[in-house]
1. Compute the angle between helix 45-56 and the longest alpha-carbon principal axis of the chain, please, reported from 0 to 90 degrees and rounded to the nearest 10.
2. Take the chain, connect every pair of alpha-carbon atoms lying under 10 Å apart with a spring to form a Gaussian network, then pick out the residue of 74, 101, 87 with the largest mean-square fluctuation.
3. Pairs to check: 42/129; 35/128; 56/116; 40/85; 57/116; 24/116. Give those whose C-alpha atoms are more than 26 Å from each other in this structure.
4. Could you compute the net charge surrounding residue 69? Neighbours are other residues with a C-beta less than 12 Å from the C-beta of residue 69; K and R count +1, D and E count -1.
5. Among 109, 20, 66, determine the one that fluctuates most according to a GNM of the chain built with springs between C-alpha atoms less than 10 Å apart.
6. Compare 67, 34, 47 in a GNM of the chain, Cα atoms joined below 10 Å, and give the one with the largest fluctuation.
Amino acid sequence: MKKFWFVAFLAVVFLGSCNSTTRKLEGRWKVASVKTEFGKTKLPPEVIAHIVAEQKKMSFRIMNDSVLVLILNNNTQEARWEIDKNNDIHYYFSSQPHVLNLLGKWNGSEIVSDTKTPLGHLVVIYEKK
């Protein structure tokens, strides 16, 4: 009987350690910083300020190992998420399960979204709050 409880204990410890990254990601995430590099596009400072302000409105909550709630201007949208072996976090909506969107890369303490657009380069860093 002691062997059974010992094996059961090891199984619980093993299963708990498998989801350690997921557990670290659970919670509310908000924008900590936004960096822009628009180079030669010569955007007016007001437009750049607007782009940064819009990015800062975005937040999300990772509920568990599969559910993510995106939050923008008090509107919410539930999505599914997954993390791959490169620590890239992707999300998708139930209505479009084959369309994966890249949320960002988990670096151990932050989620970094690095996006190249026709206007230039945008880096958004999310921190857990």
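Bear in mind these aren't lab numbers, they're just calculated from the coordinates by the rules spelled out. Note that the coordinates shown come from a computational prediction; the quantities given were computed from them, not determined experimentally. Every residue, glycine among them, receives a Cβ derived from its backbone with ideal geometry; neighbour counts consider all protein chains shown.
1. 20
2. Among 74, 101, 87, the largest mean-square fluctuation in the Gaussian network model of the chain belongs to 74.
3. 42/129; 40/85; 24/116
4. Its environment carries a net charge of +1.
5. 20
6. 47
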